[in-house]
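Report on one structure; see the data block that follows.
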Amino acid sequence: AAPPGPPVYVDLAYLPGSWSARTVDEEFFRRVRSLCYVVSGDDHLKEGVLRPLLDALLSGKHQWGIDIQVTLIPTFDSLVMHEWYQETHDRQQELGITVLGSNSTVAMQDETFPACKVEF
């Protein structure tokens, strides 16, 4: 258990991938308050822990007690993410959570990849 203390406010937080994603729970989101959370890691390990991580965001954000808009930025396409989005959309709106989706691509040198722009 983490020692008691004030929350930490940041503009952007990358959520851990693979097995480390299991460490992200409701307490994490209560303590690490970010304007944007990036969910990265398109692998089979992430799929197994993605739903609990997303549910923890909803539970943790509910505890904030202040109205701060939060943007969730997934860097990969996932059936789990789509299901969570559909099932919890009303709750996301109540809590001020926006899930960013983009069909934009960026071409650099010989590579093309999906991208989105976030401004603060």
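Quick notes on this structure:
- Ile73 vs. criteria open to solvent by 60 Å² or more (accessible area, probe 1.4 Å), of a type in the set (Val, Ile, Thr) and out of contact with any Pro (no Cβ under 7 Å at 6 or more places or on another chain): no
- Selection count where residues are closer than 15 Å to Asp55 by Cβ and of a type in the set (A, V, I, L, M, F, W, C), scope segment 70-95: 6
- Among (1) open to solvent by 50 Å² or more (accessible area, probe 1.4 Å); (2) within 25 Å of Phe113 (Cβ to Cβ); (3) modelled with pLDDT of 85 or more, the one test that Tyr9 misses: (2)
- First in segment 22-36 and within 9 Å of Leu57 (Cα to Cα) and open to solvent by 50 Å² or more (accessible area, probe 1.4 Å), second anywhere and in a strand (DSSP E or B) and not acidic (Asp, Glu), Cβ under 9 Å, 6 or more apart: Phe28/Leu15
The values are calculated or read from the model by the stated rules, or taken from the named source; none is laboratory data. Keep in mind that this is a model prediction, so the values were computed, not measured. Cβ: placed from backbone, ideal geometry, glycine included. Neighbour counts: every protein chain shown. Quick note on the areas: whole protein, heavy atoms, side chains included, nothing else; ligands and nucleic acids left out. Shrake-Rupley method; radii C 1.70, N 1.55, O 1.52, S 1.80 Å.
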